[in-house]
Amino acid sequence: MLNYNYICKSTPSMLAEGTISLWLHLQLHRQKKKTESNEQYQASLKNIGVKPQSGTGANIVLVGPPGSGKGTQSNRLSEHYKICQLSTGDLLRQAAQDKSSDEGKRIRQTMEAGGLVDDHIVMSLIDKNLTKPECSNGFLFDGFPRTINQGEQLERLLESKQKRLDAVLEYAIPDELLKRRILGRLIHKQSGRTYHEEFNPPKESMKDDVTGETLERRSDDTTETLNARLNTYHKQTTPLIDFYRKRNLHKSIDASQKVNDVYQQSLEIVDDFRKQPSYKPLSVDEEQGSVRQMETSVERNDFDETLTIKTKPINNQIEVDTSSLSKNFLFVYNSVTAVLRDRGII
Ligand code: AP5
Ligand code: MG
């Protein structure tokens, strides 16, 4: 056990559980220094529930206004992490092609007006697609969730599948820059490949580089619909940024940079999140069998070398007795290791 003087001002059982988990982590850390290959080290980390630090597999959300580059980046990121890419825009465009159903017609009308399609339709598409084998290694959501309600429903869906998000990347860019991007966009419908007349032209005018098939424009890529889509984004989607910030999952990237720079920063941020042990403090209420989320803050007092962990329920969640948190192994583990890492001890 590494010699450290932190004291958790909490119940004794919390401290005990935190100590055990730290011991595991630190032992592994030492082993790596001595002899282990990187593969062995990553495998050992996996055994105690710590995510590998690079390579494949990740669960990512991309949030950003129309034209911010979600589609462009998600192609590359999903290839890099070998995960499935789920674009609700693409899935809805497919569903809207069903000209015979009322639902297809409603979806089409909503998209052309720049509004948001009903949450229940979107959620059922996500639910259905997430079970596909391509998503077994992880997933990237492009343009989903777009409302707090979708964010909450996603949280419940992932919990039921014992999965969690690793990172939420916000592609931030001023509205003024988006018009040129949207009005110059060309798409290859069959593959989802995206081009731009000016910024990313195809090798041959209006032809897909891979298949040579004709490129098209999206029917919602007009000035009028873009304005409506931007309006919808600012009103209904931006509150999600705070939602994920509170969950320590959000990072913003300047999406007005070049495609490659946005890509590199996205990789760095996702890898950074993945270096941290999976982190979402949970309190398990055994009587009701329900799971509630808590926010955690860790305060360090350098004078007497103590550490205080404070918890409070996330907005709109019922107050929980914090002593029940001692049942959660990850809670103390993550809180204490965060401080130790911060101080360069591990
Ligand atoms: P969706 O298809 O997701 O459209 P969007 O959010 O408006 O975003 P875009 O696809 O237009 O832009 P993008 O960020 O992907 O940019 P891209 O990479 O293509 O959704 C469509 C509709 O479906 C919504 O309006 C809504 O009605 C409905 N919907 C979807 N999801 C929903 C949900 N969850 N709930 C309810 N309704 C939902 O880039 C754009 C152009 O810029 C390209 O030409 C590209 O080459 C170029 N470009 C990209 N990056 C750069 C760069 N860094 N520099 C220069 N050019 C660049
Ligand atoms: Mg897109």
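The values are calculated or read from the model by the stated rules, or taken from the named source; none is laboratory data. The model shown is predicted, which means the values in this text are computed figures rather than measured ones. Glycine gets a Cβ as well: all are built from the backbone with ideal geometry, and neighbour counts include every protein chain shown. The protein model used for the area step is the full one, side chains on, heavy atoms only, and it has no ligands, DNA or RNA in it. Shrake-Rupley method; radii C 1.70, N 1.55, O 1.52, S 1.80 Å.
Odds and ends about this structure:
- Each Cα pair under 8 Å and six or more residues apart adds its separation to the average, and for segment 56-275 the resulting relative contact order is 30 percent.
- Of the GluC sites (Glu not before Pro) found in segment 71-178, no site is in coil according to DSSP while having at most 15 other Cβ atoms within 10 Å of its Cβ.
- Net charge over other residues, Cβ less than 13 angstrom from the Cβ of Asp208 (K, R count +1; D, E count -1): 0
- Pairwise label distance in nanometres, Phe199 with Arg164, each label 7 Å out on the Cα-Cβ vector: 3.4
- Once the 1.4 Å probe is applied to the protein heavy atoms, segment 56-275 comes out at 49 Å² accessible per residue.
- Prolate/oblate/rounded label for segment 125-214 (Cα gyration tensor, a/c 1.5): oblate
- Spin-label model, Asp261 to Arg180: label points 7 Å out along the Cα-to-beta-carbon direction sit 1.4 nm apart.
- Gyration tensor (Cα) of segment 56-275, equivalent ellipsoid semi-axes in angstrom: 25, 21, 18
- Subtracting the Cα-Cα distance of Thr214 and Asn227 from their residue separation scaled by 0.36 nm leaves 1.9 nm.
- Cα-based Lys pair tally, segment 78-221, threshold under 30 Å, eight or more apart or on separate chains: 28
- Point-to-point label distance, Asp118-Ile148, nm (Cα→Cβ direction, 7 Å offset): 2.3
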